[in-house]
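Engineer: Sharing a structure below in C-alpha cells format, with a few things to ask.
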2 protein chains.
Amino acid sequence: MNVVPDLPAIRAAHERIRPFVHRTPVMTCGTIDALAGATIFFKCENLQKVGAFKYRGATNAVQSLSDADAARGVVTHSSGNHAAALALAAKVRGIAAHIVMPTTTPQIKQDAVAGYGGQITLCQPTLAARETTAAAIQQRTGATMIHPFDNDAVIAGQGTAAVELLEDVPELDAILAPVGGGGLLSGTGIAAKALRSNIKVIGCEPALADDAAESLRTGKLVLARPPKSVGDGLLTNLSERTFGHIHMHVDQIALATDEEMLAAMRLVLERMKILIEPSAAVALAVLLNGATNLRGKRVGVIISGGNVELARLAPS
Amino acid sequence: MNVVPDLPAIRAAHERIRPFVHRTPVMTCGTIDALAGATIFFKCENLQKVGAFKYRGATNAVQSLSDADAARGVVTHSSGNHAAALALAAKVRGIAAHIVMPTTTPQIKQDAVAGYGGQITLCQPTLAARETTAAAIQQRTGATMIHPFDNDAVIAGQGTAAVELLEDVPELDAILAPVGGGGLLSGTGIAAKALRSNIKVIGCEPALADDAAESLRTGKLVLARPPKSVGDGLLTNLSERTFGHIHMHVDQIALATDEEMLAAMRLVLERMKILIEPSAAVALAVLLNGATNLRGKRVGVIISGGNVELARLAPS
C-alpha cells in the first residue's frame, strides 16, 4: 500500500516552505537534563512564525495550491494556532483566508487572526456549526478547505520540524511530540521512522484528554470523553487519517497531568528563558514524570508553540 | 593615551571565553519593528549561560588568572547576575568563588549562587559592609577580587557581545545597551566604535536611576539620587573607570520609565516568546517611547539578561 504522505512528500514540503518559515533553533539545558536523567534536544517551534509549528503545515497547504485554486482563497475553522497560521500563510501568498471561529474565542486570538489579515466569521461554539459555516463560505467563494490536521499537505508540512531536528541531531534514541488532532505526531512519526528506523516515536497527551492513548491501546479510533485540560491545543480527537499514521509509526502515547504540564512550562521559562504554551510542555512533563523509559537516552522534543496568556505564568 | 581595554583586548577576551560561553542568537520580530519604526536586531544574552551577559565578563576574568592566583580562588560582592556568573565561571575552572551577599538577597538568588557551587557569606545590606566583608575574605584566603564592572577583564568580556552582534549584522546604524555600573556599556562602546566608527552608541537607563544620564550631561561622575526601579540590575552608580569609557564612546543616554520597561518586557515575551528581565527591557522601551531618533534605522539591542521572578509577568 502506498501511504501518503511519505518521506519524499515531507522532503518536497520542506523545499516548498523553506523560503517562508524560520529554521527554528535546537536548544539544550543542562539543568533540565539533570532533572530528567536524559539528554534533551528541544526543537523550538515556539520561535516559529505565528509562534507555532502550525505555520509549517498551513504554508505547505497554501503554497501547494494551483494559481487558479489559490485565487479563490482558503477557509478553515479553528480557534487556535492553525487559524493564525493559515491567515498569515494566505497573506504571504496574497490570497484571502476565511476563518470560522466560535463566538467563545478569546478576543486576543481573534485579534491575532485579524492582525494577519484573516477574514473572521463567528459561529456557535459547536463542531456542527463550525462545519456548516465553513461549508457555506466554501460554497459561496470557492475557497479551498484547509483542515487543521485532516489534510495530507498539512501533515507533510508538520513533518518538516522532525526532519530539521534529525538533520541537526542525527543520533536520537527517541522523539517526542504532543498529540491533539494528530497532524504533528503523524508527520513526526512518518519522517522519524523513515530517517532512523530504530528511533522510538512517542506521542504526549494530557491525562484528561487521552483519546489518542485509548485509540492506540485499543487499536481503533476512540473519541474522547469530554476533554478538559490546560493544554487547549490538545483537546481535539484524532481523525481516521491521523489515527492510521499514528497506529503505524508511534510506539507509545504517554500521559501527563495539567499540573505537570504547567510546572514544565514554568521550568522551561525559568531555566531556558523561552515561553512555551501548556500544550507544548506536555512532552517535557512526560519526561519528568517517568511515564517513559528514556533514562540516559538522547531525546528530541518538539516544542509545539508559545502562545499563552501571560496571566497563566504566575506561580500557582 | 593608551586606553585599556581596547578592541584587541576584547578580541583576546573573545578567543579566551569562546570554549565556555554560548554564542547567543540574534533574533528579529516584524511586529516589534513596526511598533518601533526601526529594524531591530536583538542580541539575546538572556539565552547566555546563567541567563545574562555577566557570564562573559566573569569568565574572561577567571580564565585570565595565572594558575597560582586561580588556586587561591575569587571573591566578589553582588546580589545579582554577576554573583551567579562568577560562581559558575569559577566552578568551570575548578576554583573557589566567595560571594558576599546582603542579608536582604532573595532566597532564589542565593540558591542560584549555591547551585553553581559559590560559597556565600551574608553581610549587612550596605555598600560599606559588602566591601569590608569581601576585603576580609580576600585577606584570609588570598582570593582575587573580581568586581562586577570596575575591572578591565570584566569590561573586555562584556564587549564580546557587541563583537558577535556586529559580526552577524555588520550594517548597524546604532547599538543600544542598558547601563547600571557601566561594564556592558563600556565594553559595547569600545568594541562598536572601533569596529564601525560612525555607529551611534546609546546607553539606556531607568528614569528613576538616571545617574549615567546626569554624568554624561554634566561631564563628570554624578552619584545617583537614591535609585529606585524595577530594573534591579541598573541601580548601581558608574565608577570613574566606566564613566571614562562612556564619556569617550557613548553618544546618548536615553531614559525609560518603569511602566515602559515592564510593557516592553511583556511585549517581547508575547511576540518573541523569550523571557527578558526588566533591566534588559530598557533598551526596547527607549526605542518605543521616542527618546531616541532612530526611525528607519537598523538598530542593535543587547538583551542583557532573562532572570526574572515569574510573578512579575502577570499583566498589571
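The values are calculated or read from the model by the stated rules, or taken from the named source; none is laboratory data. Small disclaimer: the values here were computed from a predicted structure and weren't measured. Glycine gets a Cβ as well: all are built from the backbone with ideal geometry, and neighbour counts include every protein chain shown.
Engineer: I'd like to check something: does segment B:83-93 contain any residue that is within 14 Å of another protein chain (Cβ to nearest Cβ) and at pLDDT below 95?
Structural biologist: No, segment B:83-93 has no match at all.
Engineer: Something else now. Looking at segment A:256-264, can you tell me whether even one residue there is under 20 Å from residue B:307 (Cβ atoms) and either within 14 Å of chain B (Cβ to nearest Cβ) or in contact with a helix residue (DSSP H, G or I) (Cβ under 6 Å, 6 or more places away or on another chain) (or both)?
Structural biologist: Checked against the condition, which is being under 20 Å from residue B:307 (Cβ atoms) and either within 14 Å of chain B (Cβ to nearest Cβ) or in contact with a helix residue (DSSP H, G or I) (Cβ under 6 Å, 6 or more places away or on another chain) (or both), segment A:256-264 yields at least one hit.
Engineer: Among the residues of segment B:161-170, is any in contact with a Leu (Cβ under 6 Å, 6 or more places away or on another chain) and in a helix (DSSP H, G or I)?
Structural biologist: Yes, there is a match, as at least one residue in segment B:161-170 is in contact with a Leu (Cβ under 6 Å, 6 or more places away or on another chain) and in a helix (DSSP H, G or I).
Engineer: Can you name every residue in segment A:164-208 that is of a type in the set (D, E, K, R) and at pLDDT below 95?
Structural biologist: none
Engineer: Could you say whether any residue in segment A:203-212 is farther than 15 Å from residue A:279 by Cβ, outside any loop (DSSP other than H, G, I, E, B) and either touching a Cys at 6+ places or on another chain (Cβ under 6 Å) or not hydroxyl-bearing (Ser, Thr, Tyr) (or both)?
Structural biologist: No: segment A:203-212 contains no residue that is farther than 15 Å from residue A:279 by Cβ, outside any loop (DSSP other than H, G, I, E, B) and either touching a Cys at 6+ places or on another chain (Cβ under 6 Å) or not hydroxyl-bearing (Ser, Thr, Tyr) (or both).
Engineer: So residue B:128 fits all but one of (1) more than 30 Å from residue B:7 (Cβ to Cβ); (2) among the small types (Gly, Ala, Ser); (3) at pLDDT 95 or above; (4) surrounded by fewer than 21 Cβ atoms within 10 Å (Cβ to Cβ); what number is the exception?
Structural biologist: It fails just one condition, (3).
Engineer: Just give me the residues in segment B:215-243 being charged (D, E, K, R) and either touching a Leu at 6+ places or on another chain (Cβ under 9 Å) or assigned to a loop (DSSP other than H, G, I, E, B) (or both), in sequence order.
Structural biologist: B:220, B:225, B:228, B:240 - these are the residues of segment B:215-243 that are charged (D, E, K, R) and either touching a Leu at 6+ places or on another chain (Cβ under 9 Å) or assigned to a loop (DSSP other than H, G, I, E, B) (or both).
Engineer: Here is a list of conditions, (1) within 18 Å of the chain's Cα centre (by Cα); (2) at pLDDT below 95, and residue A:223 meets all of them except one; can you say which number that is?
Structural biologist: (1)
Engineer: Name every residue in segment B:236-257 that is of a type in the set (D, E, K, R) and either surrounded by 19 or more Cβ atoms within 10 Å (Cβ to Cβ) or within 14 Å of the chain's Cα centre (by Cα) (or both), in order of residue number.
Structural biologist: B:241
Engineer: Among the residues of segment B:280-310, which ones are in a helix (DSSP H, G or I), within 14 Å of chain A (Cβ to nearest Cβ) and touching a residue at least 12 places away in the same chain (Cβ under 8 Å)?
Structural biologist: B:280, B:281 - these are the residues of segment B:280-310 that are in a helix (DSSP H, G or I), within 14 Å of chain A (Cβ to nearest Cβ) and touching a residue at least 12 places away in the same chain (Cβ under 8 Å).
Engineer: Also, I was wondering about something else. Anything in segment B:86-118 that is of a type in the set (Gly, Ala, Ser) and closer than 17 Å to residue B:154 by Cβ? List them, or say none.
Structural biologist: B:87, B:89, B:90, B:97, B:118
Engineer: Right, another one. With the requirement that a residue be more than 21 Å from residue A:65 (Cβ to Cβ) and among the small types (Gly, Ala, Ser), what does segment A:93-140 give you?
Structural biologist: If the condition is that a residue be more than 21 Å from residue A:65 (Cβ to Cβ) and among the small types (Gly, Ala, Ser), then A:112, A:114, A:115, A:128, A:129 are the ones that fit.
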